[in-house]
Amino acid sequence: MITKKILLSFPKVATGKPMAMELIKTYNLDFSILKALIDDNIKGTLLLEIRGEANDLNAGIVFLRENQIGVKEVQSMVVVDEKKCISCGACTAVCAVNALEMDENWSLIHHEDKCLECMLCVKACPMRAIHAVM
Amino acid sequence: MAKTYQEINEKIAKGEAVVVTAEEVIDIVKKRGVKEAADYVDVVTTATFGPMCSSGAFLNFGHSDPPIRMAEITLNGVVASGGLAAVDTYLGATQPSNDRGIEYGGAHVINDLIAGKEVHLVAKSPGTDCYPRKEIDTWVTLADLNEAYLFNPRNCYQNYNAAINTSSKRIYTYMGILQPNMGNITYSTAGELSPLLNDPLLKTIGMGTRIFLGGAQGYVSWMGTQFNTACERDEKGYPTTPGATLALIGNMKEMNPAYIRGAVYEKYGTSMFVGVGIPIPILNEEMMSFVSVENKDLHTNVLDYSVSKGGHPTLKKVSYAELRSGSVDINGKIIKTSPMSSLKVAREIALELNHWIKKGKFFLQEPIQTFPIGNALKGLEIKEGESR
Ligand code: SF4
Ligand code: SF4
């Protein structure tokens, strides 16, 4: 049994499909919705945590893609824009689990798997280089 | 043997000058000793890239036809001073925009201009006989302006305190977010690479010193505001509290947007990261001894930012080596430390300045006037009474 965090983006055509039921029934996947955003009926975004056997999980993802749903696996709730980051270190001050850390050359490193999703770093970054994945 | 500025500049012109960074020089002095190292090394480059609120730009827009005497001025929605001549202004780095607040302020406008972007200029005027126009709404780029130069009244703090929060609430400061109950410590310095810590008594850095400012060749134009050379010092003369500061000037048209960046401190305001590099001539053994300082020998105080009345109380004196180690022990509690200024970019600047000098593109300028030592700081007294 494994757990993955996936970000789904679906166009209007796919929004109505009973995708959730399908995932549970056909692929034996259990999931929870972490966050949902519907953007004026143009596009929807959904952050799910899905649990199941590796094979089922992959098959489920293929199923979603076949139904024109964009699937992106995410590890952390935050992304660091490397082009904007100046490696000042301000975000590391608030990251309690050291998911954001300075390396030996004083460059910022982001251990995505450690993130606890507190979102404090988003506010702490003076360059506004950290964004929530959705 | 002592060297003069002229002798060092002649070596630079011939491509023979030995130039190293203030970090590299530490090992050279350890291996060769101060005397031999002072003969060998000609210039040591120092740098810093941190948030410096007391920054801004003088701009001249040129005259429209018919002309306007600009009284109320905004650039991308950020108010600039209408208190100068008709089309001159000063844009302060920390001024928030009317529409986006602190998320986009004067520093961001300055960065956009340096990056070559078009900026929306809107100005109003009551109109005068000689300046009849009352409104102007146009777009300008840096290239369109007659003059655009940074003039930063206070940059390059010689030393600065570290910050902690002993209260039970999270606080938002210019030293970053401070977690409750002494959850973290923040500090802002390039330490052993920092310009004024390598020349603690300002023997070579004074008015007229040529520097790297935001990617251009700029100058030290005056002592910075809140200049405090009567600060506490260790036995060798290095400040252990905020000390000297510099007022800097440089041509924005020659700058690189990577080294002048708008910054936002949550619930505090806009600030500007300013990239500064200062060359230190190794005129003699004394200067060599000054620049060989290491983080373990440089100290600052950890101040409690949750208390503001009567100044932030000091919790502990620590060395920059301790702060850089990632944690500091305060009363038995191990507290994580985080930097606020970018050592990574400061190192890039020290290297870039180093290359300029080695390639003969940058020469040393001896100060026209040195700054006073023993200059103390005044506070602001609150005096009663409405009129006097
Ligand atoms: S606070 Fe922002 S700019 Fe600074 S190191 Fe973190 S991500 Fe980079
Ligand atoms: S969201 Fe919280 S835990 Fe995750 S990286 Fe940012 S500060 Fe660290």
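The values are calculated or read from the model by the stated rules, or taken from the named source; none is laboratory data. Being a predicted model, the structure only gives us computed values, none of them experimental. With ideal geometry, Cβ positions are generated from the backbone for all residues, glycine too; neighbour counts draw on all protein chains shown. Surface accessibility is based on the protein's heavy atoms, side chains included, excluding ligands, DNA and RNA. Shrake-Rupley method; radii C 1.70, N 1.55, O 1.52, S 1.80 Å.
Simple rule: put +1 on each Lys or Arg Cβ and -1 on each Asp or Glu Cβ in region A:78-132, find the dipole, and look at A:Met127, A:Leu100, A:Ile86; the Cα lying farthest toward the positive end is A:Met127. Checking the table B:Lys35/B:Lys361; A:Lys84/B:Lys35; A:Lys123/B:Lys344; B:Lys31/B:Lys358; A:Lys84/B:Lys358 against a 32 Å threshold on Cα-Cα, which pairs fail? Beyond 32 Å between Cα atoms: A:Lys84/B:Lys35.
Mean 1/r over all different Cα pairs, inverted: what Kirkwood radius does the protein assembly as shown give, in Å? Intermediate results must be reported in sequence, preceding the final value.
Values: mean 1/r = 0.0389 Å⁻¹.
Answer for the protein assembly as shown: a Kirkwood hydrodynamic radius of 25.7 Å.
Going down the table (B:Lys317/B:Lys383; A:Lys43/A:Lys114; B:Lys296/B:Lys333; A:Lys72/A:Lys114), which pairs top 23 Å between alpha carbons? Table pairs above 23 Å Cα-Cα are B:Lys317/B:Lys383; A:Lys43/A:Lys114.
What dipole magnitude, in Debye to the nearest 20, does region B:62-145 give about its Cα centre under +1 on Lys/Arg Cβ and -1 on Asp/Glu Cβ? Kindly include the intermediate steps, with their values, before the conclusion.
Values: 6 positive and 11 negative charges, 25 e Å.
Rounded to the nearest 20 debye, it is 120 debye.
Accessible surface for B:Cys130 stands near 90 Å², nearest 10, in the context of the full protein assembly shown (1.4 Å probe). Each residue of region B:191-204 was assigned a 3J(HN,Hα) from its phi angle through the Karplus expression (A = 6.51, B = -1.76, C = 1.60, θ = phi - 60°), giving x, 5, 9, 5, x, 6, 7, 8, 9, x, 9, 6, 7, 10 Hz with x at Gly and Pro. Ligands, DNA and RNA left out, the accessible area of chain A computed with a 1.4 Å probe is 52% carbon and sulfur. Here the contact order of region B:295-388, divided by its residue count and restricted to Cα pairs under 8 Å and six or more residues apart, works out to 15 percent.
Pairs of Cα atoms under 8 Å, at least six residues apart: use those to get the relative contact order of region A:78-132, whole percent. All intermediate terms of the calculation are to be shown ahead of the outcome.
Values: 80 pairs, mean separation 25.1, N = 55.
Reported as a whole number, the value is 46 percent.
Hey, what's the Cα Rg ratio for region A:1-123 versus the globular rule of thumb, 2.2 N^0.38 Å?
Details: Rg = 17.1 Å, N = 123, 2.2 N^0.38 = 13.7 Å.
Rounded to two decimals, the normalised Rg is 1.25.
With respect to chain A, whose longest principal axis is taken over its alpha-carbon atoms, helix A:54-66 is tilted by about 80°. Between the amide H of B:Thr240 and those of B:Glu232, B:Arg233, B:Asp234, distances stay under 5 Å, these residues lying 5 or more places away or on another chain, with hydrogens modeled in the peptide plane. Taking 4.7 Å between beta carbons as the limit, the unpaired Cys residues of the protein assembly as shown are A:Cys85, A:Cys88, A:Cys95, A:Cys115, A:Cys118, A:Cys125, B:Cys53, B:Cys130, B:Cys156, B:Cys231. Residue by residue along A:79-92, Cβ atoms of other protein chains within 10 Å of the local Cβ number 5 on average.
Mean separation of Cα pairs under 8 Å and 6+ residues apart, divided by the residue count of chain B: what relative contact order is that in percent? Don't skip to the answer; put the middle values down first.
Working: 1017 pairs, mean separation 91.7, N = 388.
That works out to 24 percent.
Comparing the full protein assembly with the isolated chain, the residues of region A:112-134 losing at least 50 square angstrom of accessible surface (1.4 Å probe) are A:Leu120, A:Lys123, A:Pro126, A:Met127, A:Arg128. Over all directions, the projected convex hull of the C-alpha atoms in region B:118-161 averages 5.9 nm² in area.
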